[in-house]
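Any read-out appearing in this document is the output of simple, stated calculations on the displayed coordinates, not a laboratory observation. Predicted model only: the values in this text are computed from it and were never measured. Every residue, glycine among them, receives a Cβ derived from its backbone with ideal geometry; neighbour counts consider all protein chains shown.
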Amino acid sequence: MWRVALISLIFLILSQGWVVVIDRNGYEEVKDIEIIDNGLVVVGHVVYSKQVDGIVLFLDDSGSLEKYLRVDVGYDEYLTSICDLGNRIVIAGYVKGREKAGVIALSLSGKGDLIWGRIYNVKAKDLKIFSCSRLNNYLVLTGSVSTGGDMNALIAFLKEDGSLVNMTSFGTNLVEWVNSAYSTGGKLFLAGGALTDSSADLWLADFKRGRVYLFSEEGWQEAYSVNVRGDKILLVGSTSDGGWDVTALMIKGGEILWGKRYGTPYMDLGYDSWLGDSIYITGEVRCFGGGCNALLMELNEDGGLMSSTEVGGENMERGYALDSDGERVFIAGYSDSFSLDVWGGILVVSGRGGCKSEEINVTSFDENYDKRVLEAHVKLIEWNEEKTRVKLSQESPHVRNPCQTDLDRLMEIVVPLLAIMAFMITIYLSWRLIFKRSGESS
């Protein structure tokens with residue numbers, strides 16, 4: 001009986017999840033999280049008084065920070081996306097300087113050692129990279145570029161050694177921006193928003209077919225995430241028609257299977273998602289009076305709400321990035337309530353968020369969207385590679401577990417002592433048994 005109780009207790013502890021907050025004397029913002037073989041990778045940037053540096057964090061499955069790297073190439077660096085190549089990772093983003101804008105790509109080992117780093121400058125008024133994916137034998141970096149009054153999707157094709165094959169703009173005559181991309185089966189899908197006569201529409205592009213799909217209803221709509229599974233495409237973002245709600249659309253063959261909005265009486269935004277047997281969405285919820293909570297929702301394949309959890313304290317928490325392997329789910333974002341830094345820190349949450357989570361009621365309701373299909377144009381962009389030295393500095397940030405209580409700290413001492421006592425008792429009982437048997441034989 002005691003064995004069953006012990007196994008149940010261990011399972012309960014392992015299923016609770018955890019919350020970790022990491023800060024390093026600056027305003028830190030996370031853009032992506034990726035599950036790798038030996039743990040997790042988180043990327044983003046940190047803002048100091050006069051500069052912006054990229055940051056790369058390596059954590060194990062239990063939330064312990066193994067390495068915190070600051071990336072400096074002499075500009076303002078914004079790291080936004082991770083490609084897992086198995087034995088190494090590629091991190092993509094963009095750099096800004098005085099009258100300069102460019103694409104940055106870094107290749108790191110699973111332990112954080114630099115393999116190569118590249119910067120490609122572009123003559124552009126504005127440029128941002130938000131996604132890295134693999135398409136056939138290439139790495140595809142996607143974002144947005146503005147060379148004047150227009151703005152279109154930016155697509156850069158790189159070889160796995162970092163050498164750039166070409167860079168193109170893709171889109172229509174509208175002002176369009178890209179927040180996410182997904183590649184599968186030789187196809188590349190982009191998602192974001194587009195300015196129209198009324199406001200802004202959800203924007204989905206099929207690069208291979210050269211088509212752009214606009215989905216609209218009343219108010220402002222924008223897609224922040226796109227995922228593909230089989231012949232289904234999931235768009236997740238936000239809609240505002242007086243109040244903001246999380247938006248999700250499931251699309252097949254260019255037609256909407258279902259479209260839903262999820263919200264509370266306050267401001268709610270969806271930033272990232274994962275599509276498998278279930279659908280996971282992260283964002284921010286209950287934004288009111290300067291405070292928000294990070295959101296984790298689980299939906300079924302029809303968009304029905306299965307569970308919703310918020311992670312937060314008295315001030316501001318946001319969920320910016322999400323990854324899952326079907327069994328585990330992790331979100332990364334921003335925390336102000338639990339950080340020691342006045343600017344806030346990085347929030348990483350496993351499972352349902354441990355002690356700082358709370359089930360909430362999020363209302364879902366069906367929406368009717370209008371659809372338009374436009375033909376897109378492709379235009380080559382001039383670029384030049386800049387020879388630069390990538391500087392990686394290992395930092396020692398503050399790491400906190402806001403779930404840890406005085407009892408938890410006591411257990412950290414008591415549990416090892418109990419293990420030692422159990423080991424000594426086992427040796428003693430074994431010695432008694434051997435001594436007893438030797439006495440009987442004599």
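Only helical DSSP H runs with n ≥ 4 go in: add -39500 (n - 2.57) per run for the chain, normalise by residue count and round the 222 nm mean residue ellipticity to 500 deg cm²/dmol. It comes out at -4000 deg cm²/dmol, rounded to the nearest 500. Each of ASP277 and LYS187 was given a label point 7 Å from its Cα along the Cα-to-Cβ line. The distance between the two points is 2.5 nm.
Just rank LEU347, LEU214, fewest to most, by other beta-carbon atoms within 10 angstrom.
Lowest count first: LEU214, LEU347.
Counting neighbouring beta carbons within 10 Å and listing from fewest to most, the residues GLU382, GLU34 come out as GLU382, GLU34. Applying the criteria of a DSSP loop state and at most 13 other Cβ atoms within 10 Å to the GluC sites (Glu not before Pro) of segment 145-249 yields GLU218. ILE55 sits among other residues whose Cβ lies under 12 Å from its own Cβ, and their net charge, with Lys and Arg +1 and Asp and Glu -1, is -4. With a simple spin-label model that places each label point 7 Å from the Cα along the Cα-to-Cβ direction, the separation between GLU314 and ILE427 comes to 5.0 nm. With R₀ fixed at 51 Å, the C-beta to C-beta distance from LEU114 to LEU257 puts the FRET efficiency at about 0.70. Note on GLU99 and ASP150: the extension gain reaches 16.6 nm, defined as 0.36 nm multiplied by sequence separation minus the Cα-Cα distance. A Gaussian network model of the chain, with springs between Cα atoms under 10 Å, assigns the largest mean-square fluctuation among TYR68, TYR334, TYR138 to TYR138. Cut-off 10 angstrom, C-alpha nodes, Gaussian network model of the chain. Which of ILE119, ILE381, ILE55 fluctuates the most? Checking each option, the largest mean-square fluctuation is seen for ILE381. Assuming R0 = 25 Å, can you tell me the calculated FRET efficiency for the pair GLU386 and LYS67, based on Cβ-Cβ distance, to the nearest 0.05? It comes to 0.40.
With a Förster radius of 30 Å applied to the C-beta separation of HIS377 and GLU160, the computed FRET efficiency comes to 0.55. Structure remark: mean-square fluctuation, Gaussian network model of the chain, C-alpha springs under 10 Å; the largest value among SER169, SER107, SER393 belongs to SER393. Taking Cβ atoms as reference points and 10 Å as the exclusive limit, the residues near TYR271 contribute a net charge of 0, counting Lys and Arg as +1 and Asp and Glu as -1. To the nearest 10 degrees, how steep is helix 2-14 against the longest Cα principal axis of the chain, on a 0 to 90 scale? The angle comes out at about 30 degrees. Neighbours of GLY162 by Cβ distance under 10 Å: Lys/Arg scored +1, Asp/Glu scored -1, total -1. Peptides 244-251, 229-236 ranked from most to least packed give 244-251, 229-236, packing being the mean of other C-beta atoms within 10 angstrom over each peptide's residues. Rounded to the nearest 10 degrees, what's the angle between the helix 406-441 long axis and the longest principal axis of the chain, both from Cα atoms, 0 to 90? Taking Cα atoms only, the helix is inclined about 40 degrees.
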